[in-house]
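Q: Below: one structure in C-alpha cells.
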Amino acid sequence: MMAENLNRLIEKTFKTYIFAILLFAVSCGSRSSAGSSSGYKSTTVSYYADKFDGKKTASGEIYRHSKMTGANKMLPFGTKVEIVNIENDKSVVITINDRGPHKPSREFDVSQGAFKKIANLNEGIIKIKYKILK
C-alpha cells in the first residue's frame, strides 16, 4: 500500500514537472514571437548640431540639415531606416550616410530635417522605435 502511494506521488510530481516545463516553453515562445513580429527595436535619437551643416560625412556626402539622413555605427551606407517617435507615432524614413552616434545609449543620430518630421528640436533627445527597411 505504501509503495502504491509512493508511485502515485512520483507520477503526479512528474506530470506536474512536465506541465511546468511545457508552460514555460510556450510562454517564452509567445513573448519572443510577439516582439519580433513587429520588426521594431527601441532606442533614443538626437540630431546633428548646426556646426555639422555643410561638412563631409563618413560616406563622403555633404551633410545638409534638410536631407532625411542619419548616422549609425554598423549599417551600410544607403540603408533605409524607418524611425517612429513613440510619443506621437510620427515617422520618417532616413538613409544612413554617416557613422555615429558616439553615445552608447543611442543607435542613430538624424538630420535636423528628419528630427523635425517627428518631434520639435527643443526636445533634443526622444524615444523611438525603428525598423531597417534596406
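Values in this text are rule-based calculations from the coordinates and carry no lab data. Computed from a predicted structure; not experimentally measured. Neighbour counts run over all protein chains shown; Cβ positions are idealised from the backbone, glycine included.
Q: What number comes out for the charge environment of D89, summing +1 per Lys or Arg and -1 per Asp or Glu over other residues with Cβ under 13 Å away?
A: Values: positive: K90, K117, K127, K129; negative: E82, E87.
For residues surrounding D89, the net value is +2.
Q: Rounded to the nearest angstrom and ordered from largest down, what semi-axes does the equivalent ellipsoid of the range 39-132 get from its C-alpha gyration tensor (root of 5λ)? Spell out each step's value before the answer.
A: Values: eigenvalues 69, 43, 27 Å².
Taking √(5λ) for each Cα gyration eigenvalue gives 19, 15, 12 Å.
Q: Residue by residue through the range 103-108, what is 3J(HN,Hα) from phi via Karplus (6.51 cos²θ - 1.76 cosθ + 1.60, θ = phi - 60°)? Round to whole Hz and write x for glycine and proline.
A: In residue order, the calculated couplings are 10, x, 7, 10, 8, 9 Hz.
Q: Then there is this: So, by mean Cβ neighbours within 10 angstrom, what's the order for 95-101, 48-54, 71-77 with the highest one leading?
A: Values: 95-101: 19.7, 48-54: 13.1, 71-77: 15.9.
Answer by packing, highest mean first, reads 95-101, 71-77, 48-54.
Q: Work through the residues other than K80 whose Cβ is under 14 Å from its Cβ and net out their charges, Lys, Arg +1 and Asp, Glu -1. List each step's numbers first, then the result.
A: Numbers: positive: K67, K131, K134; negative: E82.
Once positives and negatives cancel, what remains is +2.
Q: Check Y47: other-chain or 5+ apart residues with amide H under 5 Å from its amide H, H built from backbone geometry?
A: Those lying under 5 Å, H to H, from Y47 are V110.
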